[in-house]
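Below you'll find the structure, written out as structure tokens, and then a few comments.
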Amino acid sequence: MPGKLYLVATPIGNLEDMTVRAVRVLSEADIIAAEDTRNSIKLLNHFDIHTPMTSYHEFNKYDKADTLVQMLLEGKNVAAISDAGMPGISDPGYELVVKAREAGIEVSAVPGACAAITGLVISGLPTRRFTFEGFLPVSDNKLLKEALERLKRETATIIIYEAPHRLVKTLGILLDSLGDRRACLCRELTKRHEEASLSTLSQILARYETDKPLGECVLVIEGADERQLAADDVAELLALKPEEHVMHYMSQGMERMDAMKAAAKDRGMTKRELYKLLNG
């Protein structure tokens, strides 16, 4: 009978956030797949867990996943952990789950701390809808441009992770691309010097241009305003020539008469007036 794969959340700072279930599952597993065994041994020692570990990280996540799935097929229970938080959320784990599912292995999560959700709920920004972007692809200009274009029009609250040494650069990029939105920078979450202050992107940037940021950062940013997006869209269309305006709607699948009606509405005129303008 195959074993079971457990994704076990670990504390993001405060060790008291380790759950009773997490300690039990890690103690009872046959092996623990850890992102960094040198880091995880401290956690295991603290909770008197003696289960053997093997490394499972970004650079071996495909080959090692095959090895772990084979162990699962042989009946062993495997618990996967990252350095902090929930495996699979900007940490290794997703690829292992995919391969385990393909092999018919049962997968279970042991919930716990997650920096993204922790930052969101204390930020003071809307929580009903949110999008998690993880780390921006700052080393790839093409991917970064695509991500920023997408985020410009994102109306849900945006959650981004960033390392302290890249924070100022990333804040500058976001400010230039998204404008000066409300934002909350969360640092040292659950630790003694936890900080989360709601201000704006420009204010956060101004502070950390002079103060060196410490600790991993969660940046929670206000989503785009739907009414402003609509107004901006109309402004872009009004800058087009009338025929280009009509063609814009036709390119979206409208018949010409319907496209003329939509363009006329944008321009505050009747369809007849627009027709005369187009054929004058």
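The values are calculated or read from the model by the stated rules, or taken from the named source; none is laboratory data. The structure presented is a predicted model; accordingly, all values stated were derived computationally and were not measured. FYI the Cβ positions are ideal-geometry reconstructions off the backbone, even for glycines, and counts take in every protein chain you see.
Odds and ends about this structure:
- Annotation note: of L278, L240, the sole residue that is of a type in the set (A, V, I, L, M, F, W, C), under 18 Å from A230 (Cα atoms) and either surrounded by fewer than 16 Cβ atoms within 10 Å (Cβ to Cβ) or at pLDDT 80 or above (or both) is L240.
- Selection count, segment 122-149, where residues are loosely packed, with under 12 Cβ neighbours inside 10 Å and under 19 Å from R182 (Cα atoms): 3
- In segment 45-88, the residues that are among the aromatic types (F, W, Y) and either part of a helix (DSSP H, G or I) or more than 20 Å from E106 (Cβ to Cβ) (or both): F47, F59, Y62
- Some residue of segment 208-222 being closer than 22 Å to I122 by Cα and part of a helix (DSSP H, G or I): yes
- Restricting segment 89-107 to residues that are assigned to a loop (DSSP other than H, G, I, E, B), touching a residue at least 60 places away in the same chain (Cβ under 8 Å) and in contact with a strand residue (DSSP E or B) (Cβ under 7 Å, 6 or more places away or on another chain), the residue that is nearest to L5 (Cα to Cα): I105
- Test for R192: is it at pLDDT below 90 and either surrounded by fewer than 13 Cβ atoms within 10 Å (Cβ to Cβ) or in contact with a His (Cβ under 9 Å, 6 or more places away or on another chain) (or both): no
- Count - residues of segment 35-64 that are surrounded by 15 or more Cβ atoms within 10 Å (Cβ to Cβ) and within 23 Å of the chain's Cα centre (by Cα): 4
Table: residues versus (1) touching a helix residue (DSSP H, G or I) at 6+ places or on another chain (Cβ under 6 Å); (2) over 19 Å from C217 (Cβ atoms); (3) part of a helix (DSSP H, G or I); (4) acidic (D, E).
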residue: F132; (1), (2), (3), (4): yes, no, no, no
residue: L143; (1), (2), (3), (4): no, yes, yes, no
residue: E154; (1), (2), (3), (4): no, yes, no, yes
residue: R166; (1), (2), (3), (4): no, no, yes, no
residue: T170; (1), (2), (3), (4): no, no, yes, no
residue: D176; (1), (2), (3), (4): no, no, yes, yes
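- Checking the stated criteria, E154 turns out not to satisfy the condition of being of a type in the set (D, E, K, R), farther than 18 Å from R128 by Cβ and touching a residue at least 60 places away in the same chain (Cβ under 8 Å).
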